[in-house]
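The values are calculated or read from the model by the stated rules, or taken from the named source; none is laboratory data. Just so it is clear, the structure is predicted and the values come from calculations on it, not from any experiment. Cβ: placed from backbone, ideal geometry, glycine included. Neighbour counts: every protein chain shown. Side chains are part of the model used for accessible areas, which takes the heavy atoms of the whole protein and leaves out ligands, DNA and RNA. Shrake-Rupley method; radii C 1.70, N 1.55, O 1.52, S 1.80 Å.
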Amino acid sequence: MNVSLETIRSLCKRRGLVFPSSEIYGGIESIWDYGPLGVELKNNIKRAWWRAVVYERDDVEGLDAAILMNRLVWKYSGHEETFSDPLVDCRECKRRFRADDLLEESFNRAVEQMMAGFQAAFQRLGEEVEEIGAFFDELERQERERGRVYPNRWALVTETLKRPEIQKQLRSRFQEFSEWLSQPIPGMDSEPLRAWREALEQIEPHFRERMDAIRVIEASFGRTYESDGQLLQRAIVAYRPWTTEVVRASWGELFVFLNERKAISCPHCGARGSFTRPRRFNLMFKTFMGPVEEESALVYLRPETAQGIFVNFRNVLEGARRKLPFGIAQIGKAFRNEITPGQFLFRVREFEQMEIEYFVRPGEDETWFEHWVEERFRWYLRLGIRAENLRRREQSPEELAHYSKRTVDIEYRFPMGWGEIEGIANRTDYDLRAHSKSNPQNEHSTEELVVFDQATSTHIRPYVIEPSAGVDRIFLALLCDGYHEETVRGEKRVVLRLHRDLAPIKVAVFPLLRNRSELVELAHRIAADLRRVVPGRVVYDDTASIGRLYRRQDEIGTPYCVTVDVQSLSDQQVTVRDRDTMEQVRIPVDRLREYFAEQFRREDSLVG
């Protein structure tokens with residue numbers, strides 16, 4: 001069924017899955033706390049991932065790198081220079097926007113106007129050519145009636161155009177077309193395009209150096225561009241932060257120039273030329289290590305977990321005595337000072353990543369890339385997510401990050417549309433090269449991040465395939481995918497159809513009557529006994545009527561409920577209810593452990 005994001009948010013708050021952080025003080029934007037049930041589901045997701053990529057394979061090691069790292073890690077990874085966005089404010093509506101987004105929109109609008117002009121010109125040209133053809137068709141018919149036959153159309157045109165009356169007819173008929181041909185093509189001289197041409201000419205001396213660097217990087221990935229315009233479009237899309245401050249400001253100068261020429265309009269209020277100068281907005285959270293807040297004490301909260309893996313590459317390689325191919329897996333927190341967070345858990349400032357950096361020989365990277373795309377897609381199907389709500393989407397060359405040779409996103413169909421839950425990228429040797437002491441730009445590294453290949457007696461710098469998943473987005477996808485509403489005996493029933501291994505609570509035990517001490521005692525004893533065999537939470541609950549207890553557990557995805565009734569005291573049997581089928585069966589109390597051990601068999605489990 002189609003479910004709204006607000007419905008999921010309400011369920012999370014009501015049932016203790018997710019709360020707004022610091023809520024008693026008004027909260028803090030796009031930061032969320034996971035409640036008693038939310039932390040269980042989140043941990044189960046992480047356990048399922050770890051089991052699939054580490055325990056079920058023999059070529060992946062685990063790692064838990066620190067959140068705080070030497071600032072030089074972020075300098076040479078490129079994050080200090082690239083992990084920032086330029087912001088501007090509209091003076092009319094007071095809204096804030098990314099300057100590079102506005103530049104891209106302005107550039108695309110100028111190009112669209114130019115292309116529209118070309119399209120109109122070609123259409124007009126085609127119409128005129130048809131009219132010229134029709135003119136000479138009629139002329140040929142008239143000539144034939146006069147007994148004049150020509151061997152071909154060229155002979156007809158050459159001969160008839162010698163006559164003054166034909167020339168006069170042609171000039172009269174196509175005078176308007178001649179005037180149109182003498183005019184510039186609409187769009188080629190439009191104000192936005194003219195402003196862009198003048199702006200680029202103005203900043204070209206400063207801009208050329210960085211554009212040449214981008215061209216070299218692109219060439220190293222086998223991507224070439226026939227014109228500066230194509231390269232510029234690629235730079236705007238893929239190198240936004242890096243090109244934001246070219247020689248202190250070429251992007252800034254470009255924005256200011258275009259804004260003054262009113263070539264940039266506000267997406268919200270439509271005002272032209274209404275923006276402030278761009279200001280740098282750093283996406284990395286800063287803090288200070290030590291008692292004094294000074295530049296030398298500056299450290300960052302990591303914006304990704306991957307760099308902790310790259311700088312520990314040699315440690316894991318030698319400590320685990322690994323050979324290529326092998327991977328390093330890590331689960332951990334990351335922090336990004338997002339400008340436009342929102343959509344509940346989809347885009348947040350504090351989030352958790354599950355990443356693998358898989359190291360392979362150059363030349364084998366495409367094979368392993370395809371392996372990991374298929375492997376990761378199958379994992380989501382194993383979680384129970386419906387296939388029709390999943391897709392693989394290959395990023396276009398314009399979308400690729402500057403370090404990526406190829407990227408495929410695994411996307412889920414959220415209520416607000418398709419969104420990425422995991423990306424698989426071929427990062428080539430970009431990161432290991434950046435952190436190696438042989439890198440001419442790296443003045444501080446003490447290690448060469450390579451592998452010695454005994455077969456060839458040479459050192460190899462591996463390529464890296466990176467499957468990177470977001471725990472919070474997977475959490476949201478599971479809730480959206482599992483949420484169902486149905487009518488049972490005239491009443492709405494909400495059920496969360498989570499895979500039983502992921503469910504926050506595995507078994508709930510109820511006494512039918514909470515004022516009967518013998519029923520309560522037996523129910524408590526059964527719950528305690530099941531906790532020894534069920535791999536997850538088993539809870540006791542007597543806080544409502546049996547019908548409400550069932551509905552409460554349905555809504556949080558509990559796969560099994562056990563009810564102790566009055567008859568249980570005499571026949572020592574209890575009722576076990578299945579969440580999905582609502583089927584109820586009577587099972588002897590002394591067989592409950594055996595029954596649930598079979599339902600949660602370790603060899604079939606997602607979480608182990």
Practice prompt. Please work out which one of (1) open to solvent by 60 Å² or more (accessible area, probe 1.4 Å); (2) at pLDDT below 95 is the condition residue 80 fails and give its number.
Written response: (1)
Worksheet item: Do we have residue 445 as open to solvent by 20 Å² or more (accessible area, probe 1.4 Å), touching a Lys or Arg at 6+ places or on another chain (Cβ under 6 Å) and either closer than 30 Å to residue 364 by Cβ or in a helix (DSSP H, G or I) (or both) here?
Response: yes
Discussion item. Being of a type outside the set (Gly, Ala, Ser) and farther than 27 Å from residue 15 by Cβ: is that true of residue 592 here?
Written reply: no
Worksheet entry | residue 376 charged (D, E, K, R), in contact with a strand residue (DSSP E or B) (Cβ under 7 Å, 6 or more places away or on another chain), at pLDDT 95 or above and closer than 30 Å to residue 55 by Cα | yes
Discussion item. Restricting to region 566-608, give me the number of residues that are surrounded by 15 or more Cβ atoms within 10 Å (Cβ to Cβ) and either part of a loop (DSSP other than H, G, I, E, B) or not charged (D, E, K, R) (or both).
Written reply: 17
Worksheet item: Do we have any residue at all in region 553-561 that's out of contact with any Cys (no Cβ under 8 Å at 6 or more places or on another chain), over 22 Å from residue 605 (Cβ atoms) and small (Gly, Ala, Ser)?
Response: no
Worksheet entry | Residue that is most open to solvent (accessible area, probe 1.4 Å) [pool: residues in region 453-477 that are over 21 Å from residue 403 (Cα atoms) and in a loop (DSSP other than H, G, I, E, B)] | 454
Worksheet item: Taking the stated definitions as given, is residue 107 at pLDDT below 80 and aromatic (Phe, Trp, Tyr)?
Response: yes
Worksheet item: Within the group 549, 569, 606, 513, which residue is in contact (Cβ under 8 Å) with a residue 60 or more places away in the chain and of a type in the set (A, V, I, L, M, F, W, C)?
Response: 606
Worksheet item: If you take the residues in region 505-531 that are of a type in the set (Gly, Ala, Ser) and not in a strand (DSSP E or B), which one is modelled with the lowest pLDDT?
Response: 517
Worksheet item: Counting just the residues of region 83-96 that are at pLDDT 85 or above and out of contact with any Pro (no Cβ under 6 Å at 6 or more places or on another chain), which one comes out nearest to residue 298 (Cα to Cα)?
Response: 89
Worksheet item: Residues in region 335-345: is at least one basic (Lys, Arg) and not in a strand (DSSP E or B)?
Response: yes
Item to complete: Would you check which residues across region 309-328 are touching a Leu at 6+ places or on another chain (Cβ under 7 Å) and either without any contact (Cβ under 8 Å) to a residue 12 or more places away in the chain or open to solvent by less than 30 Å² (accessible area, probe 1.4 Å) (or both) and list them?
Response: 309, 310, 313, 316, 328
Worksheet item: With respect to residue 433, is the statement that it is closer than 22 Å to residue 76 by Cα, free of Cβ contacts under 8 Å to residues at least 60 places away in the same chain and either open to solvent by less than 40 Å² (accessible area, probe 1.4 Å) or part of a helix (DSSP H, G or I) (or both) true?
Response: yes
Worksheet, complete the sentence: Scanning region 277-291 for residues that are of a type outside the set (Phe, Trp, Tyr) and at pLDDT 90 or above gives 284, 286, 287, 289, 290, 291
Worksheet entry | Scope region 376-387; condition part of a helix (DSSP H, G or I) and buried (at least 16 other Cβ atoms within 10 Å of the Cβ); matching residues | 376, 377, 379, 380
Worksheet item: Just wondering, is there one or more residues in region 18-29 that are open to solvent by less than 50 Å² (accessible area, probe 1.4 Å), farther than 26 Å from residue 500 by Cα, touching a His at 6+ places or on another chain (Cβ under 8 Å) and not acidic (Asp, Glu)?
Response: no
Worksheet item: Checking residue 219 against (1) buried (at least 19 other Cβ atoms within 10 Å of the Cβ); (2) of a type outside the set (Ser, Thr, Tyr); (3) part of a helix (DSSP H, G or I); (4) modelled with pLDDT of 70 or more, which single condition isn't satisfied?
Response: (1)
Fill in: Which numbered condition residue 450 fails, given (1) within 25 Å of residue 7 (Cβ to Cβ); (2) aliphatic (A, V, I, L, M); (3) open to solvent by less than 60 Å² (accessible area, probe 1.4 Å)
(1)
Discussion item. With the structure loaded, tell me whether residue 42 is in a helix (DSSP H, G or I), modelled with pLDDT of 95 or more, touching a helix residue (DSSP H, G or I) at 6+ places or on another chain (Cβ under 9 Å) and surrounded by 14 or more Cβ atoms within 10 Å (Cβ to Cβ) or whether it fails that test.
Written reply: yes
Practice prompt. Of all residues in region 65-82, count the ones that are under 20 Å from residue 328 (Cα atoms) and part of a loop (DSSP other than H, G, I, E, B).
Written response: 5
Discussion item. Considering only residues that are of a type in the set (Ser, Thr, Tyr) and open to solvent by less than 60 Å² (accessible area, probe 1.4 Å), which ones fall in region 274-308?
Written reply: 274, 276, 287, 300, 305
Worksheet item: Which of (1) open to solvent by less than 30 Å² (accessible area, probe 1.4 Å); (2) in a strand (DSSP E or B) does residue 487 not meet, given it meets every other one?
Response: (1)
Worksheet item: Before we move on, is residue 95 surrounded by fewer than 17 Cβ atoms within 10 Å (Cβ to Cβ), more than 24 Å from the chain's Cα centre (by Cα) and touching a residue at least 40 places away in the same chain (Cβ under 8 Å)?
Response: yes
Worksheet entry | Restricting region 334-373 to residues that are among the acidic types (Asp, Glu) and out of contact with any strand residue (DSSP E or B) (no Cβ under 7 Å at 6 or more places or on another chain), the residue that is farthest from residue 8 (Cα to Cα) | 364
Practice prompt. Output the residue which, of all residues in region 237-273 that are crowded, with 20+ Cβ neighbours inside 10 Å and within 24 Å of the chain's Cα centre (by Cα), is modelled with the lowest pLDDT.
Written response: 244
Practice prompt. Look at residue 367 and say whether it is open to solvent by 60 Å² or more (accessible area, probe 1.4 Å) and either modelled with pLDDT under 95 or not aliphatic (A, V, I, L, M) (or both).
Written response: yes
Item to complete: Could you run through region 388-430 and say how many residues are open to solvent by 60 Å² or more (accessible area, probe 1.4 Å), without any contact (Cβ under 8 Å) to a residue 40 or more places away in the chain and not acidic (Asp, Glu)?
Response: 5
